[in-house]
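Each value in this text was obtained by applying a stated rule to the coordinates, not by laboratory testing. Source: prediction; values computed, not measured. For neighbour counting, all protein chains shown are included, and Cβ atoms are generated from backbone atoms with ideal geometry for every residue, glycine included.
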């Protein structure tokens, strides 16, 4: 029996080698961690987003829970972060927007819009801005005071004519620019009634503006027959479109656009966090969820800090 427990010299060496190998495997991580310290990676943009998130969380925790409306937390957070006062959005400077409760980055984005000729002709135009949610607008709406402005209607450079009327006279075609017209102007177009005008304006606010009259087919109630009646009476100035800055927009803000669902919005933000800011709107086409047809629809509505 004892013969089976006796090991030869080569067997003893093999056992000792295996034991030493196991000990080395156990000790190696400890030795490595002691002499090798990982480098700290600093992502300023990501840190900034985290800081803004923590700021919102801190504001939430500091609220008086006895008066907090837990049935609508988003509304409550907006109500406590915004400090409204009477203002004209066409003349308010950066300090004024910050005083209202917006961040400096958001204020800069708003001023870029007005600096490029964008105007707020009515209170509802503020909802075109992606930094202003529905709850924020409801809170600000009573305090918005827009000074009287000259009506600025845009028409094509070349006059076109309708077919001759029954009396033999040529009638000028009345055309409306979709991105600046109000409901009173829209109903002057043949084929657009008050209900259709309201639906067009609501969809325009969601889009940020029309890039082409063809998009009217996406408006509820505008079928192909009605579109054929409308199309010759309208045109779209793409320069009036309110664009989304994909380097600053949150998932919630991105999802407000009709062409962007939750998964596409998340893919955009994930790509921005992993690889840094977009240098060009064309980089969105590299995201697998954004197929070619979707990218062509989105392209007029996308901007970055570097490129419109």
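Determine, for each peptide in 28-34, 175-181, the mean count of other beta carbons within 10 angstrom over its residues, then list the peptides with the highest first.
Details: 28-34: 9.3, 175-181: 20.9.
Order by mean packing, descending: 175-181, 28-34.
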Distance histogram in 10 Å bins (all Cα pairs of region 176-240, percent per bin): 24, 66, 10
Taking the alpha-carbon set of region 244-303, what are its Rg and Dmax in Å? 10.0, 26
Peptides ranked, highest mean first, by Cβ atoms within 10 Å: ranges 250-260, 271-281, 10-20: 250-260, 271-281, 10-20
